[in-house]
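Asks: Before anything else, here's the structure in question.
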Amino acid sequence: MAKRPIVGVLLAAGRGSRFDASGATSKLLQPLPEGPHRGRPVAQAAALNLRDSVDRILAVVRPGDDRLADVLAEAGCDLVVNAQADVGMGSSIARGVQASAGAAGWLIALADMPAIAPASIARVARALCAGAPAVVPVVHGQRGHPVGFSAALAVPLMALREDQGARGVLRAASPLLLDLDDAGCLLDLDTPADFAALAARRD
């Protein structure tokens, strides 16, 4: 019998209105100003960091976001279109899990978090494979990403709709809190100021 896969679900269906309220410019397509993937689009860097720790990556995108879809496909992602992306992050998690319902578990990652060390992602994946019902990285007392979920949580994950993501599922699951020393687990790029701060780390 083939091993059931661990699937990375990369959430890339948000509007990114805090970066550009007009929607004309996508933060996920901005070149990364720092790090090993410097110059690559933010979402692609996030996918590449995830790639070695999972058996498959599903990138959840919104309808019509063809350029972003191409960038993510180039990084090896399979694409899932979420026609209800505006309902909230929970709906994108549900779509990704529904599209890979036979998985052994999922790592839920955000496409605007390109600075997570691959070694940190691997540790979350290993803890999930070792039997944890859910895994949350914790950096200096703050919860971060990516978050791991076992197959036992498939049904509540597929029922998600709200913008709170999977917080309720996590509360009910008594997750393993995994201490990591990786500031990238907390760093999301939401605004132009976030990009400027990341670029300043090189100076």
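Asks: Just 123, 15, 171 to compare: in a GNM of the chain, with alpha carbon springs under 10 Å, which one fluctuates most?
Replies: Result: 171 has the largest fluctuation of those listed.
Asks: Can you tell which of 124, 42, 100 lies farthest toward the positive end of the dipole of the stretch 12-131, using +1 and -1 charges on the Cβ of basic and acidic side chains (Lys, Arg; Asp, Glu)?
Replies: Going by the Cα projections, it comes out as 124.
Asks: Continuing with this model, one more query. Which FRET efficiency value, to the nearest 0.05, do you get for residue 3 and residue 24 by plugging their Cβ-Cβ distance into 1/(1 + (r/R0)^6) with R0 = 45 Å?
Replies: 0.55
Asks: Name the residue, out of 193, 119, 75, whose mean-square fluctuation peaks in a Gaussian network model built on the chain with Cα pairs under 10 Å.
Replies: Per the Cα network of the chain with a 10 Å cutoff, 193 tops the list.
Asks: In debye to the nearest 20, how big a dipole does the chain give about its Cα centre with +1 on each Lys and Arg Cβ and -1 on each Asp and Glu Cβ? Don't skip to the end; give the middle numbers.
Replies: Details: 20 positive and 20 negative charges, 91 e Å.
Value, rounded to 20: 440 debye.
Asks: Right, next: Roughly how many Å is it from the Cα centre of the stretch 35-49 to that of the stretch 165-195, as a whole number?
Replies: Rounded to whole Å, the Cα centres lie 18 Å apart.
Asks: Quick one: grab the alpha carbon gyration tensor of the stretch 38-128, order the square roots of its eigenvalues as a ≥ b ≥ c, and give me rounded if a/c is under 1.5, else prolate or oblate depending on whether a/b is larger than b/c.
Replies: On the way: a/c = 1.78, a/b = 1.14, b/c = 1.57.
Oblate is the answer for the stretch 38-128, as a/c is 1.5 or above yet b/c matches or exceeds a/b.
Asks: Determine the percent antiparallel among the DSSP beta bridges restricted to the stretch 1-142, to the nearest 5. Intermediate values should be presented prior to the final figure.
Replies: Numbers: 2 of 18 bridges.
The answer is about 10 percent antiparallel.
Asks: Do you know the relative contact order of the chain, to the nearest whole percent, from alpha carbon pairs under 8 angstrom that are 6+ apart? Before the final figure, lay out each step's value.
Replies: Working: 434 pairs, mean separation 50.4, N = 203.
Computed over the chain, the figure is 25 percent.
Asks: Another one. State the answer as a single residue: which of 113, 174, 13 lies farthest towards the positive end of the charge dipole of the chain, with beta carbon charges of +1 for Lys and Arg and -1 for Asp and Glu, about the Cα centre.
Replies: Checking the options against the dipole of the chain, the answer is 174.
Asks: Find the accessible area per residue for the chain; the probe is 1.4 Å, ligands and nucleic acids are left out, and the unit is Å². Before the final figure, lay out the partial values.
Replies: Values: 9580 Å² over 203 residues.
Result: 47 Å² of accessible area for each residue.
Asks: Given R₀ = 35 Å, what would the calculated FRET efficiency be for residue 177 paired with residue 66, taking r from the Cβ atoms and rounding to 0.05? Don't jump to the answer; show the numbers that get you there.
Replies: Details: r = 39 Å, r/R0 = 1.11.
Working from the Cβ atoms, E equals 0.35.
Asks: Accessible area of the stretch 126-203 with a 1.4 Å probe: how many percent of it is carbon plus sulfur?
Replies: Numbers: 2260 of 4210 Å².
Using a 1.4 Å probe with all protein chains present, the stretch 126-203 comes out at 54 percent carbon and sulfur.
Asks: Continuing with this model, one more query. Given a 1.4 angstrom probe, I'd like the percentage of the accessible area of the stretch 40-107 that is carbon and sulfur, rounded to a whole number. It would help to have the intermediate numbers written out before the result.
Replies: On the way: 1100 of 2620 Å².
Carbon with sulfur: 42 percent of the solvent-accessible area.
Asks: Quick one: what Rg and Dmax do you get for the chain from the alpha carbons, in Å?
Replies: Spelled out, the Cα radius of gyration and Dmax of the chain are 15.7, 52 Å.
Asks: Hey, can you grab everything whose amide H is under 5 Å from the amide H of residue 8? Only 5+ residues off in sequence or another chain; H modelled, so Pro and N-termini drop out.
Replies: 55, 56, 57, 58, 107
Asks: How big is the antiparallel share of DSSP beta bridges in the stretch 77-203, given as a percent to the nearest 5?
Replies: Numbers: 8 of 12 bridges.
Among the beta bridges of the stretch 77-203, antiparallel pairing accounts for roughly 65 percent.
Asks: Which whole-Hz couplings ³J(HN,Hα) result when phi for each residue of the stretch 81-88 is put into the Karplus expression 6.51 cos²θ - 1.76 cosθ + 1.60, θ = phi - 60°, listed in order with x for Gly and Pro?
Replies: Coupling constants for the stretch 81-88: 8, 9, 5, 10, 4, 6, 5, x Hz.
Asks: Sum -39500 (n - 2.57) across every DSSP H segment of at least 4 residues in the chain, then divide by the residue count to get the 222 nm mean residue ellipticity, nearest 500. If you can, show how the numbers build up before the last one.
Replies: Values: 7 runs with 62 residues, N = 203.
For the chain, the value works out to -8500 deg cm²/dmol.
The values are calculated or read from the model by the stated rules, or taken from the named source; none is laboratory data. As the structure is a prediction and not an experimental result, all values here were calculated from the model. Because the Cβ atoms are built from the backbone with ideal geometry, glycine has one as well, and the counts that use them run over all protein chains shown. Surface areas here come from the heavy atoms of the whole protein model, side chains and all, with no ligands, DNA or RNA. Shrake-Rupley method; radii C 1.70, N 1.55, O 1.52, S 1.80 Å.
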